[in-house]
Structures are given as C-alpha cells and as structure tokens.
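Chemist: Here it is: the structure, laid out below.
Any read-out appearing in this document is the output of simple, stated calculations on the displayed coordinates, not a laboratory observation. Treat the numbers as computed from the prediction; the structure is a model and nothing was measured. All Cβ positions, glycine included, derive from the backbone under ideal geometry; neighbour counts span all protein chains shown.
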Amino acid sequence: MPRLSVVFLGPAGSGKTFLTRAFGRWLEDSGFSVGYVNLDPSVEYLPYKPLFDARDIIKTRDLMEKENLGPNAAIVNAIDMLAERNVLVYEAIKNMGSDYILIDTPGQMEIVIFRSSGMRLIRAVKIATTPVGVFLLDSTLGRWGTEAAVSILLAAIAQLRLDIPMVPVLSKSDASKLSGGPISPSIHVEVDEVLKTLNTVEAGLLSEMLFEVVGSVKKYLKSGRLIAVSSVTGEGLDELYKMLHEVFCACGDLT
Ligand SMILES: Nc1nc2c(ncn2[C@@H]2O[C@H](COP(=O)(O)OP(=O)(O)OP(=O)(O)O)[C@@H](O)[C@H]2O)c(=O)[nH]1
Ligand SMILES: [Mg+2]
C-alpha cells in the first residue's frame, strides 16, 4: 500500500505548524499513528515532536551568526543545504512506520514553491510517499470574494509547481471576523460560490480577471470545495480528513 503524507504549505503565519499539530492530534485521537516531519530550519518552537527535524541538519539562526547573513539570505541558504541532503529526508520518511506522515514547511513558501531546492525537497517526499498538499489561507484575511479567489489561485500555482494534488483550506476559522458575508460562514464553501460572489459583490477589473482565471483553473483542482478549519476549536478537521481521502482515492490505487 502506498505511504500517505500530507504537506502543509502556505504563506508566513497562515497556521501550518499549528494545523500540523491539531490535525495530527485529531488523527491520533481517531486511533491512527502519526509521524511528524519538520522541514522548517527557522522555527524556534514546535508544538509536536518531529521524527525528522530539518534543524538537526541546519538551523537558519546558526547560519545568520556564522556567515553574517540576513534572515532571508540565511533561510534561502538553509533550504539549499537541506535540499542537498534530501536523501536524508527521503530515507527518514520512507522508514517511518506511521499510518500518516504530516509535513510542516517553512513560512517563506516562495522558497518551497519557486526555488529548485524547495522543489527537490518535495520530490524526495514524493518518492518516499504519496503526498497531498494542504494549502492554508488565513481566513482572518477574508473568506469570500477576491481574497478567497486569490487563495484558490495560489493553491493552484502551488499544485502546478510541486506537481502534487493540492487542497485549499481556510485556516483560523475561529478567529475569522468576516462572517456573514454573501457566503454564510459554514464549514465549507464551493469554489463556484466564491466565483458568484466575485460577480455580485465586487465588480471591477480584478474581479473580472479572477472570475475568468479561477473559473478556468478550478477544473484542475482536486476539490471543488474550500473548507474552513480551526486548530484551536478543531472545527473542520473531520472535513479535512474526508477531503484528503477523496483526493487520495482519486489518485487511483490507494483504496
Ligand atoms: N485563532 C487561531 N489562531 C491560530 C490558529 N492556527 C494558528 N494560529 C495562530 O497563528 C500564529 C501562526 O501560527 P503558526 O502555526 O505558527 O503559523 P505558520 O504558518 O506555521 O507560521 P510560519 O511557519 O512562521 O510561517 C500563531 O500565533 C498561532 O497562535 C487557529 O486555528 N486559530
Ligand atoms: Mg510554521
């Protein structure tokens, strides 16, 4: 049976690390074993105990001090160094006996998505397991209209670059202030509903462009739903599990 892994991706501070922990706990409470992987060499505190930790290979802070680098140059160098040793990532993940492998990634998602070293790391994950990406978008920044449409687009770009199926997820649903918009705040919305709000609420060139672009890419997404989750209340974690399984099963030989 193929090994299943979930790769948490998204902009800085979108909630990747907390969701890795919250979803891991949800899986453990449901009787599954979970292997945690930290691919972020910059993180100071982790709320879970990783079986593989990028910081055992390189710490961004050490690079800053030893090489006199600024934070951005240091994180780029750290990911490059990690990618050079991606065989270690591959071996660690391959040897994990857990039911699920949850992979936390750096906040600077552009390094993972747009630089070859980030892509090399994800390739190592792909050789060792069958991954599905969870692309987080902070719902406190907006859960409908242009924000949600841009989120869907970002998830599609991540899918395109990394060549793994990507599930877009609105994080921090408990803290979302934008409830009661044209889409009632619910556990999930259909991508089509998001597109409708573009037309009715936010007329203009940006909405028009998003309507057309998202309308075109939505058929390539692995899910027509955009679900909302909270790592604080646990809202939506069961829905996330169901959605991941739909995607795993859609991948073909996983049942
Ligand atoms: N209210 C609320 N806050 C959250 C939730 N998830 C994360 N946070 C908060 O958001 C902040 C960032 O969360 P992280 O999980 O560290 O985000 P991240 O994407 O891993 O951050 P980087 O790795 O630094 O990019 C923290 O202060 C958390 O307390 C959530 O579900 N609800
Ligand atoms: Mg993090």
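Chemist: Work out from phi, with θ = phi - 60° and the Karplus expression 6.51 cos²θ - 1.76 cosθ + 1.60, the ³J(HN,Hα) of each residue of region 28-39, listed in order in whole Hz, and give x for Gly and Pro.
Modeler: Listing the rounded values in order: 5, 5, 8, x, 9, 9, 10, x, 9, 10, 10, 9 Hz.
Chemist: I'd like the FRET efficiency for residue 196 and residue 120, computed as 1/(1 + (r/R0)^6) with the beta carbon distance as r and R0 of 41 Å, rounded to 0.05.
Modeler: Calculated transfer efficiency: 0.55.
Chemist: Also: Could you give the distance between the Cα centres of region 103-122 and region 144-161, to the whole Å?
Modeler: Their Cα centres are 17 Å away from one another.
Chemist: I need the phi-derived Karplus couplings for region 107-118: 6.51 cos²θ - 1.76 cosθ + 1.60, θ = phi - 60°, integer Hz, Gly and Pro marked x.
Modeler: x, 7, 5, 5, 5, 6, 7, 10, 9, 5, 5, x
Chemist: Ranking 23, 248 by Cβ neighbours within 10 Å, fewest first, what do you get?
Modeler: Ascending number of Cβ neighbours within 10 Å: 248, 23.
Chemist: If you don't mind, there's one more thing I want to ask. Given the pairs 59/219; 172/218; 66/126; 59/218, which span a C-alpha to C-alpha distance of over 28 angstrom in this model?
Modeler: Over 28 Å apart, Cα to Cα: 59/219; 66/126; 59/218.
Chemist: What does the net charge come to around residue 20 if you take all other residues with beta carbon closer than 11 Å to its beta carbon, with K and R at +1 and D and E at -1?
Modeler: Taking every other residue near residue 20 into account, the sum is +1.
Chemist: Hey, got the dipole for region 1-118? About the Cα centre, +1 on K and R Cβ, -1 on D and E Cβ, debye to the nearest 20?
Modeler: Dipole about the Cα centre, nearest 20: 120 debye.
Chemist: While we're on this one: In whole Å, what are the extents of the chain along the principal axes defined by its C-alpha atoms, from largest to smallest?
Modeler: Principal-axis extents of the chain (Cα, largest first): 53, 44, 31 Å.
Chemist: With +1 on the Cβ of every Lys and Arg and -1 on the Cβ of every Asp and Glu, and nothing else charged, how large is the dipole of region 61-103 about its Cα centre, in debye rounded to the nearest 20?
Modeler: Dipole size: approximately 40 debye.
Chemist: Cut-off is 10 Å between beta-carbons; in what order do 93, 111, 57 appear when sorted fewest neighbours first?
Modeler: 57, 111, 93
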